[in-house]
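The structure under discussion appears below in the form of structure tokens.
Nothing in this text is a laboratory measurement; each read-out follows from the coordinates by a stated rule. Quick caveat: nothing in here was measured; it's all calculated off a predicted structure. No Cβ is skipped: glycine too gets one built from the backbone with ideal geometry, and neighbour counts run over all protein chains shown.
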Amino acid sequence: MSRTESATSTATESFTIVGHRGAMAHTLENTLASFRQAEETGCPELELDIRPTADDRIVVVHDATLDRLAADDSGQDLGDVSLMILDELQQVKLRDGHRLHTFEEACAATTVRLQVEIKDPAVVDLLPGFLRAHPEVESRIYLTSFSADALVRAREQVPRLRRGMIVHGLPVEEKHPGGLEQLLERTGATSLHCGRTGLTADVVAAQQAAGRSVHVWPVRSAEAMAEAVALGADGVTVDDPQAAFAWYDEALAQRG
């Protein structure tokens, strides 16, 4: 029985538990099987990564190459995903019998919200055409990235899509000299996805007062979940959704 059929947790109602590349702790990341498992566990939102191919298709993959995911040596040292065509990429055998999926396949195989991380800024130029061909998915997706430039580009190319800025932690001045507020204003971000370093309850409250949501990543333990809840965050990104729901219930119980 899936969590959506049996759950008593309020996590999906007031606190968003996002499946990181699906349920990557159990099933190979960024695959339809991983997305399906996370969705069946009860995640109202899935995180996935996109890159372009040499023939202008959008594929779902985190790394620039398939080396880490390849099932054997035949999938090693093939070069950058962006320099290969889709047919070549999908012939590569990935671990556990999986293959690379297109963004179109991922959208068709899921029903919940999709947090779509831009890994290669060049993929942004393909999004207007994708949305014209698949208008039904527009309301389900929003874009995130570590790259401010990628989000600015997205703001210009697909302004209707919401955007979220990802940072490893606070403060951000070393990489973004103008500071956090300038960064969020420049990208038009409606959400901040922040590592736990330097994140405080005051920062969370200030962002929420400004109309933005705050999501903590990565959350890989009960302690990290309790910290995110104590900060007043709006949600977390997790590798193991099933464990995360239990951690969330535990964190609420501890708070009384």
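Could you go through segment 189-205 and let me know if any residue there is touching a residue at least 24 places away in the same chain (Cβ under 8 Å), in a loop (DSSP other than H, G, I, E, B) and of a type in the set (Lys, Arg).
no
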Seminar exercise, completed: Within segment 112-139, residues being in a helix (DSSP H, G or I) and either over 19 Å from the mean Cα position of the chain (by Cα) or touching a residue at least 12 places away in the same chain (Cβ under 8 Å) (or both) number 17
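Which members of segment 206-239 meet the condition of being in a loop (DSSP other than H, G, I, E, B) and more than 18 Å from the chain's Cα centre (by Cα)?
Of everything in segment 206-239, those that are in a loop (DSSP other than H, G, I, E, B) and more than 18 Å from the chain's Cα centre (by Cα) turn out to be Ala210, Gly211, Ser221, Gly232.
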Exercise. Do we find that Thr102 is among the hydroxyl-bearing types (Ser, Thr, Tyr), surrounded by 17 or more Cβ atoms within 10 Å (Cβ to Cβ), touching a strand residue (DSSP E or B) at 6+ places or on another chain (Cβ under 7 Å) and more than 30 Å from Asp234 (Cα to Cα) in this structure?
Worked result: no
Exercise. Out of all the residues in segment 168-187, is one or more surrounded by 17 or more Cβ atoms within 10 Å (Cβ to Cβ), in a strand (DSSP E or B) and touching a helix residue (DSSP H, G or I) at 6+ places or on another chain (Cβ under 9 Å)?
Worked result: no
For this session: Name the one entry in Leu131, Leu94 that is within 14 Å of Thr31 (Cβ to Cβ) and not small (Gly, Ala, Ser).
Result: Leu94
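If I filter segment 206-217 for residues that are over 30 Å from Leu131 (Cα atoms) and surrounded by 14 or more Cβ atoms within 10 Å (Cβ to Cβ), do I get at least one hit? Break it down stepwise before answering.
The first filter runs over segment 206-217 and keeps only residues over 30 Å from Leu131 (Cα atoms), leaving 206, 209.
Narrowing further to those that are surrounded by 14 or more Cβ atoms within 10 Å (Cβ to Cβ): 206.
Within segment 206-217 (the criterion being over 30 Å from Leu131 (Cα atoms) and surrounded by 14 or more Cβ atoms within 10 Å (Cβ to Cβ)), the answer is yes, since at least one residue qualifies.
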For this session: Could you check how many residues of segment 82-111 are in contact (Cβ under 8 Å) with a residue 24 or more places away in the chain, outside any loop (DSSP other than H, G, I, E, B) and either more than 19 Å from Leu32 (Cα to Cα) or within 19 Å of the chain's Cα centre (by Cα) (or both)?
Result: 10
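Limited to segment 32-60, what total is found for residues that are among the hydrophobic types (A, V, I, L, M, F, W, C) and part of a strand (DSSP E or B)? Step through it out loud before you land on a result.
Taking segment 32-60 and keeping what is among the hydrophobic types (A, V, I, L, M, F, W, C), we get 32-33, 35, 38, 43, 46, 48, 50, 54, 58-60.
Pick out the ones that are also part of a strand (DSSP E or B) and you get 46, 48, 50, 58-60.
The qualifying residues number 6.
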Problem set entry | Failed item in (1) exposed (fewer than 15 other Cβ atoms within 10 Å of the Cβ); (2) in contact (Cβ under 8 Å) with a residue 24 or more places away in the chain; (3) among the charged types (D, E, K, R); (4) under 19 Å from Leu46 (Cα atoms), with Arg163 passing the rest | (1)
Exercise. Checking Leu151 against (1) in contact with a helix residue (DSSP H, G or I) (Cβ under 6 Å, 6 or more places away or on another chain); (2) closer than 24 Å to Met84 by Cβ, which single condition isn't satisfied?
Worked result: (2)
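If you go through segment 190-248, how many residues are among the acidic types (Asp, Glu) and in contact with a strand residue (DSSP E or B) (Cβ under 7 Å, 6 or more places away or on another chain)? If you could, list the steps in order and put the result at the bottom.
Narrowing segment 190-248 to residues among the acidic types (Asp, Glu): 202, 223, 227, 234, 239-240.
Filter again for in contact with a strand residue (DSSP E or B) (Cβ under 7 Å, 6 or more places away or on another chain), leaving 227, 234, 239.
Residues in segment 190-248 being among the acidic types (Asp, Glu) and in contact with a strand residue (DSSP E or B) (Cβ under 7 Å, 6 or more places away or on another chain): 3 in total.
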